[in-house]
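Enquirer: Please see the structure below; I have some questions.
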Amino acid sequence: MTAPKALLIKNGKIVNEGTILEGDIYIENDIIMEVAPLISAKSAHVKVIDAEGNYILPGVIDDQVHFREPGLTHKANIESESRAAIAGGITSFIEMPNTNPQTTTIEKLEEKFAIAASTSYANYSFMLGGTNDNLEEIRKVDPKSVAGLKLFLGSSTGNMLVDDPEVLEKIFSSTNMVISVHCEDEGTINRNLETYKAQYGDAIPMAYHPIIRSEEACYLSSSKAIELAKKTGARLHVFHLSTAKETALFSNKIPLKDKKITAEVCVHHLWFSDEDYDKKGSLIKWNPAVKTAKDREGLWKALLDDRIDVIATDHAPHTWDEKNNVYTKAPSGGPLVQHALVALLEAHHQGRITIPKLVEKMCHNPAILFQVAKRGFIKEGYYADLVIVDLNNPWTVKKENILYKCGWSPFEGSTFKSRVTHTILNGHVAYEQNKFSPEKAAKRLTFNR
Ligand code: DOR
């Protein structure tokens, strides 16, 4: 019998389920075998990593990314962006269907799984995209092997708007999968856009983006989706809340595992505000738009009081040339996976969030919400997906250290106090002190459903 591949991580502050344990983690092959204050190496074959008193977190699970493959690979691909994710401490991602072709059939979904199986650096799953006419495909999905269903209830990159109310009701009534929705009311947006186009033509100032893709557009669409979920009993997850007003639609009275309606907030909506458009322009143009500082405060409040359940990135790269365009031609979205965790750790340094709460929102809750099997926690018997972060090791985001294929970041010029020193994926040291392992250890996510 060959000896198992063994790894011992020593001297960490291990963050899990609201506690911080000073201790060690012992891993055999891809599984956490023991978490304890002091573990000694059982043989000379055990590889030892000294965490040097730094925090050890469960690998981050990002429930919303756009990696652009197939078809939009001039912007990004699964290999390039999952590599950036690993450097940022994200060990698992759920990728969206607005690729080319769109991921609206099981065949197209499996093609993506096949690409990820040979190129991804991080654990992966994908969402099937709902359309006005693919109900049969939705019904055929095996919920144990696919993350869920994504519906665009407002158009964004890729024209995947689902706007037929009868179809929506049928979809909501006929699947047990988590239905993740992009909520922005199309009619409201189009009316606002026409108003400002009449005034400015295509060169609308970027600061009008949150006025065009307005609070009302978000609220109207989110409320309608929630109403339909209540009527049909569907399991609804509202992606990227961007307004304080929408947060009143969600509850903190029930534990996450029992919630039928959940909410996500993204890093950019917690970080930027409309005061940043003058400086950052289209680099912070997202759908839904980054809104006011008051909205940002409201989102933080709802995150901390558990009306918002998870933090994600909505990583959505476009090329620099595409972004540097007039308002109507600059696409919405920006890359974030490499910087999301360190940005949230910066918010921790500012006193906004504790490390256990951050772990709850970025690691535990995405696992609970999507019923991801054996990930998201540092527990014996779970996969060894771990991140070691040094909270006092500042670095500045610069072109030379950006790993996204598009080569830019909305955080360029920002200095973060914290740094990911190691990322362990399925017991394999995937990233260590700025170096990637050439060996890929990613697995397809599975779901306890
Ligand atoms: O800003 C965005 N960009 N929001 C989305 O929902 C889609 C994304 C993209 O794919 O570019």
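The values are calculated or read from the model by the stated rules, or taken from the named source; none is laboratory data. None of the values given here were measured: they were computed from a predicted structure. Please note: Cβ atoms are built from the backbone with ideal geometry, for glycine as well, and neighbour counts cover all protein chains shown.
Enquirer: Of the residues Ile261, Ile212, which single one is in contact (Cβ under 8 Å) with a residue 24 or more places away in the chain and within 15 Å of the ligand (Cβ to nearest atom)?
Expert: Numbers: Ile261 fails: within 15 Å of the ligand (Cβ to nearest atom).
Answer to the check: Ile212.
Enquirer: Just a yes or no: is a residue in the stretch 334-348 more than 14 Å from the ligand (Cβ to nearest atom) and among the polar types (S, T, N, Q)?
Expert: Applying the first criterion (more than 14 Å from the ligand (Cβ to nearest atom)) to the stretch 334-348 yields 338-348.
Among the residues that remain, those that are also among the polar types (S, T, N, Q) are: 338.
Taking every residue of the stretch 334-348 in turn, at least one turns out to be more than 14 Å from the ligand (Cβ to nearest atom) and among the polar types (S, T, N, Q).
Enquirer: It is to be established whether one or more residues within the stretch 426-433 are farther than 30 Å from Lys301 by Cβ, β-branched (Val, Ile, Thr) and more than 21 Å from the chain's Cα centre (by Cα). Even if it seems obvious, please write down each step before you answer.
Expert: Within the stretch 426-433, the subset farther than 30 Å from Lys301 by Cβ is 426-433.
Filter again for β-branched (Val, Ile, Thr), leaving 429.
Keeping just the survivors that are more than 21 Å from the chain's Cα centre (by Cα) gives 429.
The answer is yes; a qualifying residue exists.
Enquirer: Kindly establish whether Tyr26 is more than 18 Å from Gly381 (Cα to Cα), away from the ligand (no atom under 16 Å from the Cβ) and aromatic (Phe, Trp, Tyr).
Expert: On the way: more than 18 Å from Gly381 (Cα to Cα): no; away from the ligand (no atom under 16 Å from the Cβ): yes; aromatic (Phe, Trp, Tyr): yes.
It is false that Tyr26 is more than 18 Å from Gly381 (Cα to Cα), away from the ligand (no atom under 16 Å from the Cβ) and aromatic (Phe, Trp, Tyr).
Enquirer: Name the residues in the stretch 60-88 that are in a loop (DSSP other than H, G, I, E, B) and buried (at least 24 other Cβ atoms within 10 Å of the Cβ), would you? Can you show your working first?
Expert: Taking the stretch 60-88 first, the residues in a loop (DSSP other than H, G, I, E, B) are 66-77, 88.
Scanning the stretch 60-88 gives His66, Phe67, Arg68, Lys75, Ala76, Gly88.
Enquirer: Please pick out the residue among Glu69, Glu52 that is at positive phi and of a type outside the set (Gly, Ala, Ser).
Expert: Working: Glu69 fails: at positive phi.
Answer to the selection: Glu52.
Enquirer: Still on this structure, please answer the following. Give me the residue from the stretch 188-213 that is closer than 30 Å to Ala147 by Cβ and not hydrophobic (A, V, I, L, M, F, W, C) and, out of that set, farthest from the chain's Cα centre (by Cα). If you could, list the steps in order and put the result at the bottom.
Expert: Taking the stretch 188-213 and keeping what is closer than 30 Å to Ala147 by Cβ, we get 188-189, 209-210, 213.
Narrowing the set further to residues that are not hydrophobic (A, V, I, L, M, F, W, C) leaves 188, 209-210, 213.
Numbers: Thr188: 27, His209: 23, Pro210: 22, Arg213: 21 Å.
Only one residue fits best here, namely Thr188.
Enquirer: A follow-up question, please. Can you spot a residue in the stretch 316-337 that is touching a residue at least 60 places away in the same chain (Cβ under 8 Å), under 21 Å from Thr354 (Cα atoms), not in a loop (DSSP other than H, G, I, E, B) and not acidic (Asp, Glu)?
Expert: Checked the stretch 316-337: no residue is touching a residue at least 60 places away in the same chain (Cβ under 8 Å), under 21 Å from Thr354 (Cα atoms), not in a loop (DSSP other than H, G, I, E, B) and not acidic (Asp, Glu).
Enquirer: When residues of the stretch 312-333 are filtered for being more than 16 Å from the ligand (Cβ to nearest atom) and under 26 Å from Gly89 (Cβ atoms), how many remain?
Expert: The initial filter retains those residues of the stretch 312-333 that are more than 16 Å from the ligand (Cβ to nearest atom), namely 326.
Next, only the ones that are under 26 Å from Gly89 (Cβ atoms) stay: none.
Summing the residues that are more than 16 Å from the ligand (Cβ to nearest atom) and under 26 Å from Gly89 (Cβ atoms) in the stretch 312-333 gives 0.
Enquirer: Somewhere in the stretch 63-80, is a residue within 14 Å of the ligand (Cβ to nearest atom) and farther than 16 Å from Lys405 by Cβ?
Expert: Scanning the stretch 63-80 turns up at least one residue that is within 14 Å of the ligand (Cβ to nearest atom) and farther than 16 Å from Lys405 by Cβ.
Enquirer: Restrict the check to the stretch 385-407 and report whether at least one residue is basic (Lys, Arg), at pLDDT 95 or above and touching a His at 6+ places or on another chain (Cβ under 8 Å). Talk me through it step by step, then tell me what you get.
Expert: Quick first cut of the stretch 385-407, residues basic (Lys, Arg) only: 398-399, 405.
Cutting the leftovers down to at pLDDT 95 or above gives us 398-399, 405.
Narrowing the set further to residues that are touching a His at 6+ places or on another chain (Cβ under 8 Å) leaves none.
Checked against the condition, which is being basic (Lys, Arg), at pLDDT 95 or above and touching a His at 6+ places or on another chain (Cβ under 8 Å), the stretch 385-407 yields no hits at all.
Enquirer: Collect the residues in the stretch 89-116 that are of a type in the set (Phe, Trp, Tyr) and either within 15 Å of the ligand (Cβ to nearest atom) or in a loop (DSSP other than H, G, I, E, B) (or both), keeping them in residue-number order. Talk me through it step by step, then tell me what you get.
Expert: The first filter runs over the stretch 89-116 and keeps only residues of a type in the set (Phe, Trp, Tyr), leaving 93, 113.
Across the stretch 89-116, the qualifying residue is only Phe93.
Enquirer: Given the options Lys291, Lys285, name the one that is away from the ligand (no atom under 13 Å from the Cβ), in contact (Cβ under 8 Å) with a residue 24 or more places away in the chain and closer than 13 Å to Ala207 by Cα. Lay out the reasoning, then the answer.
Expert: Working: Lys285 fails: away from the ligand (no atom under 13 Å from the Cβ).
The unique qualifying residue is Lys291.
Enquirer: Is it true that Ser173 is of a type in the set (Gly, Ala, Ser) and part of a helix (DSSP H, G or I)? Walk me through it before giving the result.
Expert: Numbers: of a type in the set (Gly, Ala, Ser): yes; part of a helix (DSSP H, G or I): yes.
Judged against the criteria, Ser173 is a match.
Enquirer: On the given criteria, is Lys150 out of contact with any helix residue (DSSP H, G or I) (no Cβ under 7 Å at 6 or more places or on another chain), buried (at least 17 other Cβ atoms within 10 Å of the Cβ), assigned to a helix (DSSP H, G or I) and at pLDDT 95 or above? Step through it out loud before you land on a result.
Expert: On the way: out of contact with any helix residue (DSSP H, G or I) (no Cβ under 7 Å at 6 or more places or on another chain): yes; buried (at least 17 other Cβ atoms within 10 Å of the Cβ): yes; assigned to a helix (DSSP H, G or I): no; at pLDDT 95 or above: yes.
Considered against the rule, which asks whether it is out of contact with any helix residue (DSSP H, G or I) (no Cβ under 7 Å at 6 or more places or on another chain), buried (at least 17 other Cβ atoms within 10 Å of the Cβ), assigned to a helix (DSSP H, G or I) and at pLDDT 95 or above, Lys150 comes out as no.
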